[in-house]
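Let me begin by presenting the structure, written as structure tokens, before commenting on it.
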Amino acid sequence: MNLPIERRWLMPLAWAVIAALVVLLALREGFSRWQLLGQWQGLAESAAGLQPSATLSVEQVQQSAQARQISIDDLQPEQGGWQVRGHLRNEQAFQDWLQGLQREGGQPLAWGLEQGEAGLRFELVIQP
């Protein structure tokens, strides 16, 4: 074989290999971005399908109190919320209940505790 003929094809072959590698890298990056876009789109669709968190219901307040052995004597609607009266065994149970109500979406607006004959009595105004 003649050496100048081989050298004549060597440079275009090298450029072809480089071009193929660049195209391969570009396709790989494009495919990666396409997958990422699909993941974000799926996440956006699932977020759009989520229901807005429901407000705290009377039943949830009663069940939450019952789970913490808190007795509700009276529960009345008051200015977009509820006024709750009842009794309980100790302050820690009341504090735990208030924190639980906040986690469930309620907002305690005002509360009070007083020592009664049969333990602690409480008054609570909560906004759902």
Considering only segment 59-83, state which residues are at pLDDT below 90, of a type in the set (Asp, Glu) and loosely packed, with under 11 Cβ neighbours inside 10 Å.
Glu59
Of the residues in segment 13-53, how many are within 21 Å of the chain's Cα centre (by Cα) and either open to solvent by 80 Å² or more (accessible area, probe 1.4 Å) or in contact (Cβ under 8 Å) with a residue 12 or more places away in the chain (or both)?
10
So is Leu56 open to solvent by 100 Å² or more (accessible area, probe 1.4 Å) and either modelled with pLDDT of 90 or more or closer than 30 Å to Glu104 by Cα (or both) or not?
no
How about segment 1-110: which helices (runs of 4 or more DSSP H) wholly inside it have at least 2 residues that are acidic (Asp, Glu) and farther than 14 Å from Val125 by Cα?
3-49, 91-103
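The values are calculated or read from the model by the stated rules, or taken from the named source; none is laboratory data. All of these numbers come straight from a predicted model, not from anything done at the bench. A quick note on method: Cβ atoms are made from the backbone with ideal geometry, for glycine too, and the neighbour counts reach across all protein chains shown. These accessible areas exclude ligands, DNA and RNA; they are computed on the full protein's heavy atoms, side chains included. Shrake-Rupley method; radii C 1.70, N 1.55, O 1.52, S 1.80 Å.
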